[in-house]
1. What nm distance separates the two modelled labels at Glu305 and Glu113, each placed 7 Å from Cα along Cα→Cβ?
2. What is the fewest-to-most order of Glu111, Glu123, Glu172 by other Cβ atoms lying within 10 Å of their Cβ?
3. Would you pull out the residues with amide H under 5 Å of Val101's amide H, same chain only if 5 or more places away, H placed 1.01 Å from N?
4. Scaled to the compact-protein estimate 2.2 N^0.38 Å, what is the alpha-carbon radius of gyration of the range 72-153, rounded to two decimal places?
5. Using Cβ contacts closer than 10 Å as the measure, can you line up Lys32, Lys183, Lys162 from fewest to most?
6. Could you give the length gained on full extension between Leu296 and Asn317, defined as 0.36 nm per residue of separation minus the Cα-Cα distance, in nm?
7. Taking Cα centroids, how far is the range 229-260 from the range 23-88 in Å?
8. Using each residue's phi in the range 296-313, evaluate 6.51 cos²θ - 1.76 cosθ + 1.60 at θ = phi - 60° and report the 3J(HN,Hα) Karplus result to the nearest Hz, with x for Gly and Pro.
Amino acid sequence: MASPENALVQEASQMKDHALPPTTEPSQPFSKDLNLGMFEVNQFSTLAKGKFSRIYLAKDRETGLEYALKTMRKTDLILGRVEEQARGSFKIQSEMDHPNVLRVFGQFEGEHEHESYIYILMELSRKGSLYDLMKQNIGLPEPQAAKLVAQLAKALKYIHGKNILHRDINPENILIGSDGEVKVSGFIWSKPMVDGRCSGLCGLLDYLAPEMLNGAENYDAMIDIWCLGVLTFELLAGKAPFEDGLMMTQKRIKNLDMEVPSFVSAEATDFIHKVAHHSGFANSEWWLTRRQILVLDPRKRLSLEEIQQHPWILKHN
Ligand SMILES: Nc1ncnc2c1ncn2[C@@H]1O[C@H](COP(=O)(O)OP(=O)(O)OP(=O)(O)O)[C@@H](O)[C@H]1O
């Protein structure tokens, strides 16, 4: 099973001065120190619960702008040994500025009913997460899935371009913006790469890459591409490809033991599948000449550029 590892402790970032633009959606970090009193928070209506957090709708009393406020009890973070990661993730995410990455606007600390909390003020995702979206569906329509995957590839290219590995791409960490666009979040396990590589075991069991499970001391950006492949499968099939008991899931990942359902189109299957299961594709020109996403050897996985050029992505975008 995934076990946490410590990320770098990082200082909270310096916020730049700004004036809030006259829109209903927040777009800039705050120039002043934040505190809970500045926001109207309905504590009885939780937007969602995370592993270490609760997320509330928070309205800026001065501007009326709405945010999502993530509240994390310090005791829970310390017990879960993730306090450093939580602080580090804010630093990483606050330096991101991309339409497909969830924005964070500020971080502050405070006391509430004799407990210490860390608060993170974020862009509000009004449509929840991919996890919420998939709860209602048995697989998404392919055009919708291909659009989401294309946006995710763009977001990952941006994140990798900032020398960061996300390391926890999964449906709960992909939020949906007001126009249905992808917003990557959940940077708690994200880490800067050193010479293009990272180390440590982390992430959701169903999404762990084989090189992590095989104990690779360090790995590269292909780890996130593996997760993108697992996610593509789950978006289309309605369940993750290796979903099973704890030990079996690991075994199945290592053996690439998965079966794309027959209702998934040939192009989409081609995008995600190990061809051996589908003899119909074993001799296809695409398979023989190009690499795939869900392959055991990270060096043979599609790159983010190749993903964007895949016929299934091009057809629906
Ligand atoms: N900005 C947001 N707007 C709306 N809902 C959100 C927002 N951020 C998170 N959520 C909801 O809360 C859930 C949990 O959030 P998140 O995954 O960030 O918490 P966590 O599990 O404590 O943290 P992490 O994934 O970093 O370990 C998400 O799956 C999503 O449904």
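Computed from the coordinates by the stated procedures, all read-outs in this text should not be read as laboratory data. All figures in this text were calculated on a predicted structure; none of them were measured in a lab. Cβ atoms come from the backbone with ideal geometry, glycine included; neighbour counts cover every protein chain shown.
1. Between Glu305 and Glu113, the label points sit 5.4 nm apart.
2. Least to most surrounded, the residues fall as Glu111, Glu172, Glu123.
3. Val184
4. The range 72-153 yields a ratio of 1.41.
5. Final ranking by Cβ density, sparse to dense: Lys32, Lys162, Lys183.
6. 4.8 nm
7. Cα centres, the range 229-260 to the range 23-88: 33 Å.
8. Running phi through 6.51 cos²θ - 1.76 cosθ + 1.60 with θ = phi - 60° gives 5, 7, x, 5, 9, 6, 4, 7, 5, 5, 5, 4, 5, 9, 5, x, 5, 5 Hz.
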